[in-house]
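Inspection log for the structure reproduced underneath, given as C-alpha coordinates.
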Amino acid sequence: MKNFSQTCVSWWFATMVPVYKPLNTLAARENMRKRRIQSATLLVSMILTLISIIFDIVTIVTLSTLLSCANIFSLLISLWLNRRGHMELAWLQFFVVQSLNIFFIGHSLSIEDPRFMLWSFSPMILALASAAIFLSAWMIIGLAVSENLLLFWYFLVVRHNELIHLLSPSE
(Lines give C-alpha, C1' and ligand atoms only; values in the text may rest on other atoms or scores of the structure.)
Protein backbone atom coordinates (compact mmCIF):
# COMPACT_ATOMS: atom_id res chain seq x y z
CA MET A 1 0.00 0.00 0.00
CA LYS A 2 2.89 2.34 0.77
CA ASN A 3 4.37 1.83 -2.68
CA PHE A 4 0.99 2.52 -4.28
CA SER A 5 0.57 5.80 -2.39
CA GLN A 6 4.14 6.87 -3.21
CA THR A 7 3.49 6.08 -6.87
CA CYS A 8 0.27 8.10 -6.86
CA VAL A 9 1.91 11.07 -5.13
CA SER A 10 4.90 11.08 -7.46
CA TRP A 11 2.60 10.75 -10.49
CA TRP A 12 0.43 13.64 -9.27
CA PHE A 13 3.36 16.00 -8.74
CA ALA A 14 5.05 14.99 -11.99
CA THR A 15 1.83 15.58 -13.91
CA MET A 16 0.51 18.72 -12.19
CA VAL A 17 3.79 20.46 -11.38
CA PRO A 18 6.26 19.64 -14.15
CA VAL A 19 9.82 20.92 -13.86
CA TYR A 20 10.87 22.75 -17.01
CA LYS A 21 14.30 23.87 -15.85
CA PRO A 22 16.71 22.89 -13.07
CA LEU A 23 15.94 24.22 -9.60
CA ASN A 24 19.29 25.89 -8.96
CA THR A 25 18.22 28.91 -6.94
CA LEU A 26 16.43 29.22 -3.66
CA ALA A 27 13.64 31.23 -5.34
CA ALA A 28 13.07 28.48 -7.91
CA ARG A 29 12.86 25.82 -5.20
CA GLU A 30 10.47 27.98 -3.16
CA ASN A 31 8.30 28.55 -6.24
CA MET A 32 8.19 24.80 -6.88
CA ARG A 33 7.27 24.15 -3.23
CA LYS A 34 4.38 26.63 -3.45
CA ARG A 35 3.19 25.10 -6.72
CA ARG A 36 3.22 21.62 -5.13
CA ILE A 37 1.30 22.91 -2.11
CA GLN A 38 -1.21 24.46 -4.47
CA SER A 39 -1.67 21.27 -6.47
CA ALA A 40 -2.18 19.26 -3.26
CA THR A 41 -4.69 21.84 -1.97
CA LEU A 42 -6.59 21.73 -5.24
CA LEU A 43 -6.63 17.92 -5.17
CA VAL A 44 -8.10 17.87 -1.65
CA SER A 45 -10.67 20.52 -2.61
CA MET A 46 -11.62 18.53 -5.68
CA ILE A 47 -12.07 15.31 -3.71
CA LEU A 48 -14.23 17.08 -1.11
CA THR A 49 -16.32 18.70 -3.84
CA LEU A 50 -16.81 15.35 -5.58
CA ILE A 51 -18.01 13.87 -2.29
CA SER A 52 -20.37 16.83 -1.95
CA ILE A 53 -21.70 16.24 -5.47
CA ILE A 54 -22.39 12.58 -4.67
CA PHE A 55 -24.21 13.61 -1.47
CA ASP A 56 -26.23 16.24 -3.39
CA ILE A 57 -27.23 13.72 -6.04
CA VAL A 58 -28.37 11.25 -3.39
CA THR A 59 -30.41 13.91 -1.56
CA ILE A 60 -31.68 15.43 -4.84
CA VAL A 61 -30.42 18.98 -4.32
CA THR A 62 -30.05 20.33 -7.84
CA LEU A 63 -28.85 23.91 -7.15
CA SER A 64 -26.08 22.73 -4.87
CA THR A 65 -25.09 20.11 -7.45
CA LEU A 66 -24.79 22.77 -10.14
CA LEU A 67 -22.69 24.99 -7.86
CA SER A 68 -20.44 22.04 -7.01
CA CYS A 69 -19.98 21.23 -10.70
CA ALA A 70 -19.02 24.86 -11.35
CA ASN A 71 -16.58 24.61 -8.43
CA ILE A 72 -14.98 21.49 -9.97
CA PHE A 73 -14.63 23.34 -13.28
CA SER A 74 -12.92 26.27 -11.52
CA LEU A 75 -10.58 23.89 -9.68
CA LEU A 76 -9.58 22.35 -13.00
CA ILE A 77 -8.85 25.83 -14.37
CA SER A 78 -6.70 26.55 -11.30
CA LEU A 79 -4.82 23.28 -11.82
CA TRP A 80 -4.23 24.17 -15.46
CA LEU A 81 -2.95 27.65 -14.52
CA ASN A 82 -0.68 26.12 -11.87
CA ARG A 83 0.67 23.63 -14.40
CA ARG A 84 1.45 26.47 -16.79
CA GLY A 85 3.39 28.30 -14.06
CA HIS A 86 0.88 31.11 -13.40
CA MET A 87 0.84 30.45 -9.67
CA GLU A 88 -0.50 33.80 -8.41
CA LEU A 89 -3.29 33.86 -10.97
CA ALA A 90 -4.23 30.29 -10.06
CA TRP A 91 -4.31 31.14 -6.33
CA LEU A 92 -6.33 34.29 -6.98
CA GLN A 93 -8.88 32.38 -9.05
CA PHE A 94 -9.03 29.62 -6.44
CA PHE A 95 -9.65 31.97 -3.51
CA VAL A 96 -12.22 34.09 -5.36
CA VAL A 97 -14.20 30.99 -6.31
CA GLN A 98 -13.93 29.52 -2.81
CA SER A 99 -15.10 32.80 -1.25
CA LEU A 100 -18.09 32.87 -3.60
CA ASN A 101 -18.78 29.23 -2.78
CA ILE A 102 -18.74 30.04 0.96
CA PHE A 103 -21.05 33.00 0.28
CA PHE A 104 -23.59 30.83 -1.56
CA ILE A 105 -23.47 28.16 1.16
CA GLY A 106 -24.00 30.84 3.83
CA HIS A 107 -26.90 32.26 1.86
CA SER A 108 -28.57 28.87 1.49
CA LEU A 109 -28.12 28.17 5.22
CA SER A 110 -29.53 31.54 6.22
CA ILE A 111 -32.69 31.13 4.14
CA GLU A 112 -33.92 28.30 6.36
CA ASP A 113 -32.87 29.90 9.65
CA PRO A 114 -31.98 33.63 9.63
CA ARG A 115 -29.84 33.26 12.76
CA PHE A 116 -27.25 31.46 10.63
CA MET A 117 -26.85 34.68 8.69
CA LEU A 118 -24.87 36.28 11.52
CA TRP A 119 -22.12 33.68 11.73
CA SER A 120 -22.16 31.66 8.53
CA PHE A 121 -20.01 34.14 6.60
CA SER A 122 -17.05 34.02 8.99
CA PRO A 123 -15.30 31.28 6.96
CA MET A 124 -14.75 33.91 4.27
CA ILE A 125 -12.20 35.47 6.63
CA LEU A 126 -10.36 32.15 6.84
CA ALA A 127 -10.08 32.09 3.06
CA LEU A 128 -8.52 35.57 3.13
CA ALA A 129 -6.11 34.58 5.89
CA SER A 130 -4.93 31.53 3.98
CA ALA A 131 -4.66 33.57 0.78
CA ALA A 132 -2.22 35.88 2.55
CA ILE A 133 0.35 33.08 2.54
CA PHE A 134 0.47 32.87 -1.24
CA LEU A 135 -0.71 36.19 -2.71
CA SER A 136 0.75 39.68 -2.64
CA ALA A 137 -0.60 42.30 -0.27
CA TRP A 138 -2.36 44.26 -3.03
CA MET A 139 -4.31 41.19 -4.12
CA ILE A 140 -5.31 40.50 -0.52
CA ILE A 141 -6.49 44.10 -0.07
CA GLY A 142 -8.50 43.84 -3.29
CA LEU A 143 -10.06 40.56 -2.17
CA ALA A 144 -10.89 41.97 1.26
CA VAL A 145 -12.49 45.10 -0.16
CA SER A 146 -14.55 43.13 -2.69
CA GLU A 147 -15.71 40.63 -0.04
CA ASN A 148 -16.69 43.43 2.32
CA LEU A 149 -18.63 45.22 -0.41
CA LEU A 150 -20.38 41.96 -1.28
CA LEU A 151 -21.32 41.30 2.35
CA PHE A 152 -22.43 44.89 2.97
CA TRP A 153 -24.63 44.72 -0.12
CA TYR A 154 -26.03 41.37 0.98
CA PHE A 155 -26.80 42.43 4.55
CA LEU A 156 -28.01 45.95 3.80
CA VAL A 157 -29.94 45.37 0.57
CA VAL A 158 -30.90 41.73 0.16
CA ARG A 159 -31.47 40.65 3.77
CA HIS A 160 -32.22 44.03 5.36
CA ASN A 161 -35.57 43.07 6.95
CA GLU A 162 -34.28 39.84 8.46
CA LEU A 163 -31.21 41.59 9.86
CA ILE A 164 -33.30 44.33 11.49
CA HIS A 165 -35.58 41.66 12.99
CA LEU A 166 -32.65 39.68 14.35
CA LEU A 167 -30.92 42.70 15.86
CA SER A 168 -34.04 44.17 17.46
CA PRO A 169 -34.17 44.14 21.31
CA SER A 170 -37.26 41.92 21.34
CA GLU A 171 -35.39 39.15 19.51
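Could you compute how fast the chain diffuses translationally, taking Rh as the Kirkwood radius over C-alpha pairs and applying Stokes-Einstein at 37 °C with viscosity 0.692 mPa s? Give it in µm² per second.
Values: Rh = 18.2 Å.
It diffuses with D of about 180 µm²/s by this estimate.
Quote the charge dipole size of the chain about the Cα centre in Debye, to the nearest 20; the model charges only the Cβ of Lys and Arg (+1) and of Asp and Glu (-1). Please list the in-between numbers first.
Values: 11 positive and 8 negative charges, 216 e Å.
For this selection, approximately 1040 debye.
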So if R0 is 22 Å, what FRET efficiency would L167 and H107 give, r being the distance between their Cβ atoms, rounded to the nearest 0.05?
0.75
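Normalising by the residue count of the stretch 53-171, find the relative contact order in percent from Cα pairs under 8 Å and 6+ residues apart.
Result for the stretch 53-171 is 18 percent.
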Modelled label-to-label distance, L26 and S130, 7 Å Cα→beta-carbon offset: nm?
2.8
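What per residue convex hull volume, in Å³, do the alpha-carbon atoms of the stretch 73-163 yield?
Numbers: hull volume 7.6 nm³, N = 91.
It comes to 83 Å³ per residue, whole-number rounded.
Quick one: if the Förster radius is 35 Å, what FRET efficiency do L63 and R36 give, using the C-beta to C-beta distance and rounding to 0.05? Don't skip to the end; give the middle numbers.
On the way: r = 34 Å, r/R0 = 0.98.
Calculated value: 0.55.
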How many Å² of accessible area per residue for the chain, probe 1.4 Å?
65
Largest fluctuation, N82, N24, N161 only, Gaussian network model of the chain with Cα springs under 10 angstrom, belongs to N24
Need one number: the % of Cα-Cα pairs in the stretch 29-126 sitting beyond the 20 Å mark.
44
Cut-off 10 angstrom, C-alpha nodes, Gaussian network model of the chain. Which of L135, L149, L42 fluctuates the most?
L149
List the DSSP H helices in the chain whose Cα atoms stretch 15 Å or more along the helix axis and whose mean Kyte-Doolittle hydropathy is at least 1.0.
87-112, 137-153
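The values are calculated or read from the model by the stated rules, or taken from the named source; none is laboratory data. Because the structure is a prediction, the values reported are computed rather than measured. Please note: Cβ atoms are built from the backbone with ideal geometry, for glycine as well, and neighbour counts cover all protein chains shown. In case anyone asks, the SASA skips ligands and DNA or RNA and just uses the protein heavy atoms, side chains included. Shrake-Rupley method; radii C 1.70, N 1.55, O 1.52, S 1.80 Å.
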